[in-house]
Amino acid sequence: MAAGGAGEVRHWNADVNGVSLHAAEQGPADGPAVLLLHGFPELWLSWRHQMSALAVRGFRALAPDLRGYGDSSSPAEPAAYSIFHIVGDVVALLDHLRLPKVFVVGHDRGAEVAWHLCLFRPDRVRALVALGVPFFPRPPLPMTEVFAARGDGFYITQFQEPGRAEKAFARHDVATVLKKFYSIEFDDLTAPPGVEIIDFLEAPSSPLPWMTDEELGQYAEKFQKSGFTGPLNYYRMMDTNWRLMAPWNGAKITVPVKFIAGDKDMGLQSFGIGQYVKSGAFKSIVPDLEVSTIDGHHYIQQEQADKVNYEIISYLDNFISKEASA
């Protein structure tokens, strides 16, 4: 594939699936499309390093703000954030762009959206690169029951009640809230009894090694405007999603996948996820799977941008070469 300059980042909005989605785009409009889906609490900006690297390689990088985030619509009610709504937004965005099939890269909750896009509409995905969050089979119990044993201090439990986390977050400025999440390096996100998770987390006084204060300010400006209710509503729909997913119980992911994780990622260290990935259980439900573990923590596409760029681009280049020779 011919390489060229990355070009400027282009911004636009599209009215799709009953909401307005903001997206950033970089690279040639006729290049192979790569859809980049961010996690919590992030924005399209989380992919700034990948977008420029993909664009230089001739790919068309497309990074939307998911509903509830940034300059996209942010419905107030949790019911507007089911997995069907979010995947529906993605499919509608592809339809809007007249893209029948794309490469998809997802991180954190964006990886969950990407996994379900592959599950619901494998016909729209050429291949997936998932960062940090593997695909899990549907558990026998709703998620809040699975997490109940961790007590009220567990972050997902605290996020369930509408308004609770928002009220706690409001005790801190937005940049501090974000920095607290971006700085997490331990595997148990459980606050002591009577303490809110955002008060328990610490924000270092020095800048993050992988994000400038100016970049943090860009994130903070958008979250100041849009708030945290939309992002938190994703967590408030976990039990509803569990019920909605019953028809796909036991289903496998059939598209080709590369999974990338940081060896110090808090998610990989908890709930036996690391063992799940290594044991073969993961590959049993994602048969066409490659796994790469690299040095890094959770926000790995920003912390270890060069390594992640290499992993993504080498996988996509190899996939395109295989397609061409088939």
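The values are calculated or read from the model by the stated rules, or taken from the named source; none is laboratory data. Note that the structure is predicted; figures quoted are calculated from it, not measured. Methodologically, a virtual Cβ is constructed for each residue, glycine included, from the backbone with ideal geometry; neighbour enumeration extends over all protein chains shown. Just the protein is used for accessible areas: all its heavy atoms, side chains included, with ligands, DNA and RNA removed. Shrake-Rupley method; radii C 1.70, N 1.55, O 1.52, S 1.80 Å.
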If only one of E196, E202 is surrounded by fewer than 14 Cβ atoms within 10 Å (Cβ to Cβ) and charged (D, E, K, R), which one is it?
E202
Just to be sure I understand, how many residues within region 122-133 are open to solvent by 40 Å² or more (accessible area, probe 1.4 Å) and either part of a helix (DSSP H, G or I) or more than 30 Å from W47 (Cβ to Cβ) (or both)?
2
If I filter region 232-247 for residues that are of a type outside the set (S, T, N, Q), open to solvent by 30 Å² or more (accessible area, probe 1.4 Å), in contact with a strand residue (DSSP E or B) (Cβ under 6 Å, 6 or more places away or on another chain) and assigned to a helix (DSSP H, G or I), do I get at least one hit?
no
Breaking point among (1) touching a residue at least 60 places away in the same chain (Cβ under 8 Å); (2) open to solvent by 40 Å² or more (accessible area, probe 1.4 Å); (3) of a type in the set (V, I, T), for I184
(2)
Sole residue being out of contact with any Asp or Glu (no Cβ under 9 Å at 6 or more places or on another chain) and under 21 Å from A305 (Cβ atoms), chosen from V9, V56, V90:
V56
Within region 76-83, can one find any residue that is open to solvent by less than 10 Å² (accessible area, probe 1.4 Å) and either basic (K, R) or in contact with a Pro (Cβ under 8 Å, 6 or more places away or on another chain) (or both)?
yes
Counting only residues that are open to solvent by 50 Å² or more (accessible area, probe 1.4 Å) and in a loop (DSSP other than H, G, I, E, B), which one in region 134-154 is nearest to S292 (Cα to Cα)?
F136
So, first residue closer than 30 Å to I313 by Cβ in region 125-148, second residue surrounded by fewer than 18 Cβ atoms within 10 Å (Cβ to Cβ) and among the hydroxyl-bearing types (S, T, Y), Cβ within less than 7 Å, six or more apart or across chains; the pairs are P134/Y276
Exclusive hit being free of Cβ contacts under 8 Å to residues at least 60 places away in the same chain, assigned to a helix (DSSP H, G or I) and either of a type in the set (A, V, I, L, M, F, W, C) or closer than 22 Å to W47 by Cα (or both), set L216, L208
L216
Going by the structure shown, is G70 open to solvent by less than 10 Å² (accessible area, probe 1.4 Å) and in a helix (DSSP H, G or I)?
no
Go over the candidates G227, G272, G250, G262 one by one and state the one that is under 17 Å from the mean Cα position of the chain (by Cα) and not hydrophobic (A, V, I, L, M, F, W, C).
G262
All but one of (1) among the small types (G, A, S); (2) crowded, with 20+ Cβ neighbours inside 10 Å; (3) within 20 Å of Y235 (Cα to Cα) hold for A55, so report the exception by its number.
(3)
Between residues in region 101-115 that are more than 20 Å from M266 (Cα to Cα) and residues that are of a type in the set (F, W, Y) and modelled with pLDDT under 95, which pairs lie under 8 Å by C-beta distance while being six or more apart or on different chains?
F103/F319
Just one of (1) at pLDDT below 95; (2) in a helix (DSSP H, G or I); (3) of a type in the set (A, V, I, L, M) trips up I184, so point out which.
(2)
